[in-house]
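K.L.:
Following this message is one structure expressed as structure tokens.
Only the coordinates and a few stated rules stand behind these numbers; no lab work does. Note that the structure is predicted; figures quoted are calculated from it, not measured. No Cβ is skipped: glycine too gets one built from the backbone with ideal geometry, and neighbour counts run over all protein chains shown.
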Amino acid sequence: MLPRARQAFAVFIFLVVSSVALSAGAADLPDFTGIVQKYGPAVVNVQAHYNSASELSDNGGTPDDQQIPDIFKRFFGMPIQPPDQGPDQGAESIGSGFIISADGYILTNNHVVDHADTVTVRLSDRRELTAKVVGTDPQYDIALLKVNASNLPVVTIGDSRSLKPGQWVVAIGSPFGFDHSVTAGIVSAVGRSFGALDQQYVPFIQTDVPINRGNSGGPLFNLQGQVVGVNSQIFSNTGGYQGIAFSIPIDIAMNAVQQLKTKGYVSRGMIGVGVQDITADIAKAKGLHLSQVRGALVGSVTPGSGAEKAGIQVGDVILAYNGHPIDTASDLPPLVGETQPGSIATVQISRDGKVQNVKVKVGELPRDQKTLEAMRSGAPASSGSSALGLSVQTITPAMRQQLDLKDKGGVVISDVRGAAAQAGLQPGDVILRVGNKPVDSVAAFKSAAADIKPGDTVLLLVSRDGASRFVAVTVPKK
């Protein structure tokens with residue numbers, strides 16, 4: 001074959017092979033049209049009306065970026081107040097929701113309708129119906145609505161526990177007010193925790209599905225057309241989509257729905273421990289090998305709680321809860337929260353290198369918890385530890401009342417520097433234990449810290465703002 005003819009033949013073969021490869025690749029991509037056609041009509045637009053525009057900002061509307069302390073931002077709904085409307089003339093925000101029963105029950109986010117004066121739902125056939133807020137739960141960020149209608153299209157509820165990273169998922173909602181917008185992506189991770197106090201009981205589904213303001217409360221579908229999540233939050237510097245989004249697992253949401261229907265509120269389990277992750281420094285201080293760095297380290301035990309009655313102690317490491325492995329501290333709260341109050345849970349702990357199972361009676365988490373604010377003390381110290389870089393003083397009864405300390409004993413830090421400052425300790429923190437030794441006076445602190453040498457890593461039990469946690473302080477070598 002002539003050279004030019006061979007070249008032309010090679011080009012022909014390349015084009016044929018490329019065409020086949022592209023066709024095969026396209027065939028592997030999912031087609032979402034069936035999901036959209038079948039279940040799209042069950043997705044609704046939710047409008048929350050506020051008689052005062054200030055309520056929108058204060059109770060669930062879109063605040064200024066400066067008002068949001070961390071990088072995680074809820075969608076808050078999209079404000080659609082006319083620009084020439086005065087601040088006290090009322091305002092509206094929009095979000096999404098989906099119909100879970102043909103008789104008019106609708107699921108959305110709490111922050112979409114929080115403190116709204118009236119709520120209106122717009123269906124896919126353009127009907128607008130006034131919705132009653134049956135109940136809400138801020139900690140799960142779930143709200144249950146009810147409209148007076150029948151024979152409505154409904155979604156199919158799936159099992160979010162079967163989700164795996166890499167699976168395709170689809171979102172339908174009203175980003176920026178564009179109803180029934182469809183976006184798709186994959187599950188990036190499951191069981192994500194923000195560590196925030198308000199949603200520590202939600203093991204979020206992380207996706208790369210493009211969702212924005214107005215998508216809040218909308219459904220997240222798997223390829224079988226089943227709802228596996230409720231779109232809730234995004235990771236953003238600007239408030240807009242930047243490639244990372246979070247959804248509430250549908251199992252969590254439907255558990256809340258059932259409780260809101262039957263008793264009007266959501267109850268959660270509580271065993272009465274404060275936990276934290278085990279860092280490399282803490283592992284070193286406890287004599288653990290890095291391969292053993294897993295579990296939730298108990299930093300506090302609530303007096304009278306199920307954990308205390310079961311014999312769980314500060315310094316124990318929780319390895320499993322009702323058979324579920326605990327790898328990090330954030331794994332524990334969702335499992336405990338889902339447990340029925342009054343039931344008995346099996347908690348596997350490690351203490352001094354020995355693993356044991358204990359039976360804990362699960363209590364009920366109070367629904368009216370308030371954030372504790374401890375008052376700092378800056379009085380001169382009586383003594384301290386130069387190796388640790390701490391100056392401390394004995395806590396007087398008046399100081400204990402001001403600090404609202406539930407734990408007995410302790411010394412308050414009045415000055416911090418060096419190794420302790422690098423470990424994150426602050427004036428006003430209360431030291432309860434040095435290593436395994438409880439301290440209730442300056443003398444006890446000095447005695448417990450007397451044998452600390454350069455290069456040692458010391459584990460301190462510290463109370464701050466009503467919460468206790470372990471802090472590992474490594475003394476520099478000279």
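K.L.:
Step through the residues of the range 324-330 one at a time and calculate ³J(HN,Hα) from phi using the Karplus curve (6.51 cos²θ - 1.76 cosθ + 1.60, θ = phi - 60°), rounding each to whole Hz and writing x for Gly and Pro.
P.N.:
Working through the residues one at a time gives 8, x, 10, 8, 10, 4, 6 Hz.
K.L.:
Quick one: plug the Kirkwood hydrodynamic radius of the range 241-314 (C-alpha pairs) into Stokes-Einstein at 37 °C, 0.692 mPa s, and report D in µm²/s.
P.N.:
206 µm²/s
K.L.:
To the nearest 20 debye, what charge dipole does the range 137-290 have about its Cα centre, counting +1 at the Cβ of each Lys and Arg and -1 at the Cβ of each Asp and Glu?
P.N.:
I would put it at about 260 debye.
K.L.:
Let me ask something else about it. Give me the extension gain from GLU308 to ASP327: residue separation times 0.36 nm, minus the current Cα-Cα distance, reported in nm with one decimal.
P.N.:
4.6 nm
K.L.:
Over 31 Å between C-alpha atoms is what I'm after, so list which of LYS446/LYS477; LYS361/LYS453; LYS286/LYS446; LYS38/LYS261; LYS361/LYS446; LYS132/LYS361 land there.
P.N.:
LYS361/LYS453; LYS361/LYS446; LYS132/LYS361, as the Cα separations exceed 31 Å there.
K.L.:
Mind checking Rg over Rh on the range 129-200, alpha carbons, Kirkwood formula for Rh?
P.N.:
1.01
K.L.:
A further question follows. Specify, per residue and in Å³, the volume enclosed by the convex hull of the alpha carbon atoms belonging to the range 110-153.
P.N.:
Looking at the range 110-153, the number lands at 84 Å³ per residue.
K.L.:
Nearest 0.05, what FRET efficiency do THR262 and ASP125 give at R0 = 25 Å with Cβ-Cβ as r?
P.N.:
That gives a FRET efficiency of 0.20.
K.L.:
Using modelled amide H (1.01 Å from N, peptide plane; none on Pro or chain starts), what sits under 5 Å from the amide H of ARG268, excluding residues fewer than 5 places away?
P.N.:
LEU365
K.L.:
OK, next. Find how much the distance from SER150 to LYS361 grows on full extension, using 0.36 nm per residue of separation minus their present alpha carbon separation; answer in nm with one decimal.
P.N.:
Extending this stretch completely gives an extra 71.7 nm.
K.L.:
Turning to a different aspect of this structure: Determine ³J(HN,Hα), in whole Hz, for all residues of the range 113-127 in sequence, where each value follows from phi through the Karplus function 6.51 cos²θ - 1.76 cosθ + 1.60 and θ = phi - 60°; x replaces Gly and Pro.
P.N.:
3J(HN,Hα) across the range 113-127, in whole Hz: 10, 4, 6, 5, 7, 9, 10, 10, 10, 9, 7, 5, 8, 6, 5.
K.L.:
Among residues other than SER101 whose Cβ falls under 13 Å from its Cβ, what is the net charge (Lys/Arg +1, Asp/Glu -1)?
P.N.:
+1
K.L.:
Calculate the spin-label point distance for PHE176 paired with SER343, positioning each point 7 Å from the Cα along the beta-carbon direction, and give it in nanometres.
P.N.:
My value for the distance between the label points is 4.5 nm.
K.L.:
Could you tell me the calculated FRET efficiency between ALA443 and THR279, based on Cβ-Cβ distance and R0 = 22 angstrom, to the nearest 0.05?
P.N.:
My answer for the efficiency is 0.15.
K.L.:
All other residues with a Cβ under 13 Å from the Cβ of ARG122 taken together, and with Lys, Arg as +1 and Asp, Glu as -1, what is their net charge?
P.N.:
-2
K.L.:
Calculate one ³J(HN,Hα) per residue across the range 170-177 by plugging θ = phi - 60° into the Karplus curve 6.51 cos²θ - 1.76 cosθ + 1.60, and present them in order as whole Hz with x for glycine and proline.
P.N.:
Calculated HN-Hα couplings, in order: 10, 10, 10, x, 10, x, 6, x Hz.
K.L.:
Taking H placed 1.01 Å from N in the peptide plane, check which residues at least 5 places from ALA320 or on another chain put their amide H under 5 Å from its amide H.
P.N.:
Placed amide hydrogens put ILE326, GLN348 under 5 Å from ALA320.
K.L.:
If you don't mind, another one. In the range 269-364, with Lys and Arg counted as +1 and Asp and Glu as -1 at Cβ, which of these residues, VAL293, GLY353, GLY272, has the Cα nearest the positive end of the dipole, that is, farthest along it?
P.N.:
GLY353
K.L.:
Report D for the range 156-262 in µm² per second (integer): Stokes-Einstein, Kirkwood Rh on Cα pairs, 4 °C, 1.567 mPa s.
P.N.:
94 µm²/s
K.L.:
Ok, one more. List the residues of the range 142-161 whose backbone N lies under 17 Å from a point placed 7 Å from the Cα of THR118 along the Cα-to-Cβ direction.
P.N.:
Within reach of a label on THR118, which here means backbone N under 17 Å from a point 7 Å along Cα→Cβ, the range 142-161 contributes 146-148.
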